[in-house]
Each structure stands twice: as C-alpha cells, then as structure tokens.
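The values are calculated or read from the model by the stated rules, or taken from the named source; none is laboratory data. Predicted model only: the values in this text are computed from it and were never measured. Note that we place each Cβ from the backbone using ideal geometry, even for glycine, and neighbour counts take in every protein chain shown. To get the accessible areas, we keep the full protein, side chains included, count just its heavy atoms, and leave off ligands, DNA and RNA. Shrake-Rupley method; radii C 1.70, N 1.55, O 1.52, S 1.80 Å.
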Amino acid sequence: MPNYNPLDNPGNELYGQVVNGYQEPGAAAPPSTGAARAARYFSTDASTSASLGILGGTVNTTIRLNNPAGSGTNIHMASIGGTIDVSLSLLSGFSGQVTMLSGGSLTSPSSITASNLYLTSPVASIAAATSSTSAPTGGNTFMIYPAYPTPFRFAYTGGIVIPPGQWLIVNVRGSLTLLGVLGTRANLTWWEA
C-alpha cells in the first residue's frame, strides 16, 4: 500500500505521486523522451586501456563535446557515465576520478561519432565530439566525483546546458600504483533544442 494519497489531489493533506487518474489524470516523462521522438537525442563514447608496468600509472579517457558558434541550438546533457575496469592488479593501490570542465583543450584529439538514439534516423548531431587518451588542460573545473572500479552514471536531465560557442570536457581517470591492466570508458548522452 503506498504511503501517499491514491487520488493525488494537490488540495489533499498528503500530496504525492500520481497513482490513480480518476480525479486528475497525469503523466510525466523526462524531456529526453520528446527529444528522442523528434530525433534530437544523441550519444557518444570513448575508451582506453593499458597494461601498466611495475610502477603502475594512469589511464585517461577524455571526451570534448563542442557546440559550434552560431549553431542557434543549445545542447542539454542528459547523462554522463562510464566505467573503470581493473582486469589485473597485484596488490596495487587504486584511485579514480571523473572531472567535468567548461572550456579547456585536449592533446592529440580524434573525432568520435555521435549516434542518434532514434534508431535509423538520418538526423546528425550539431555537436563536434572528440576524444583523447590524455588528461585535459586548461578550462574551468565545475564538478569532480570519485570513481571506483565499477560502472557509474550521473543523470542531469538537461541540468547542464552547452550554449553555442562553448564546450564541455569529461575526463575519466584511473590510476594504479603497481603492475596492472586498467581500462577507462566515458559515455555522454544529450539532446539538442
């Protein structure tokens, strides 16, 4: 039995979620649902892995999502996710971090493809996505999260907006202090409106 009023009337003493539409029918869906139906919902990802020597080391996966100047469209981040995989570690110390920056640059970037999440749609993203296996330089860090050898996903539901002429950089970094095999992956989903 739910602990909120089944008829969900805002005038009731206990107002909560919609569970019964007799008095006030209601339905809610995240904005990405409409964006997907309009073929304006996209995803991209990149990954890196390395076999680290006896002294360990760091593995980076960095994605830059650029909204070109004059595009006339905002990019709304839906989620940022990824994973850090430790395939082999001999009593090694581990650390991991996810960093998000406004601005900044990548070393030796390469283009990556943005996939339209309305499957079979020919609509292409306005965003220019690039990736690098190096940590970013410059920019303004606005979020840092610790990361562990497990998948992660941060849902923003449009809470991060990239206006024309700006870009977002996401860096997933894992480090081992001794010999090991380490992989990092980053995945971004967004819609354009």
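Evaluated at 25 °C with a viscosity of 0.890 mPa s, what Stokes-Einstein diffusion coefficient in µm²/s does the range 72-148 have when Rh comes from the Kirkwood expression over alpha-carbon pairs?
157
Residues with beta-carbon under 15 Å from that of residue 135, excluding residue 135: net charge, scoring Lys, Arg +1 and Asp, Glu -1?
Neighbour charge sum, excluding residue 135 itself: +2.
Taking all protein chains as present, what is the carbon and sulfur share of the accessible area of the range 66-117, in % to the nearest whole number, probe 1.4 Å?
50
How large is ³J(HN,Hα) for each residue in the range 37-52, as worked out from phi by the Karplus curve 6.51 cos²θ - 1.76 cosθ + 1.60 (θ = phi - 60°), to whole Hz, x for Gly and Pro?
Each residue of the range 37-52 in turn: 5, 8, 6, 10, 10, 10, 8, 8, 8, 8, 8, 9, 9, 8, 8, 8 Hz.
Over the range 51-110, average the accessible area per residue using a 1.4 Å probe and give it in Å², no decimals.
42
Could you give the distance between the Cα centres of the range 160-175 and the range 110-145, to the whole Å?
A separation of 8 Å, based on Cα centres.
Which of the peptides 171-183, 117-129, 94-106 is most tightly packed, and how do the rest follow, judged by the mean count of other Cβ atoms within 10 Å per residue?
Ranked by mean Cβ neighbours within 10 Å, highest first: 171-183, 94-106, 117-129.
P(r) for the range 56-116, please, calculated from all Cα pair distances in 5 Å bins and given in %.
3, 9, 20, 21, 18, 12, 8, 4, 2, 1, 0
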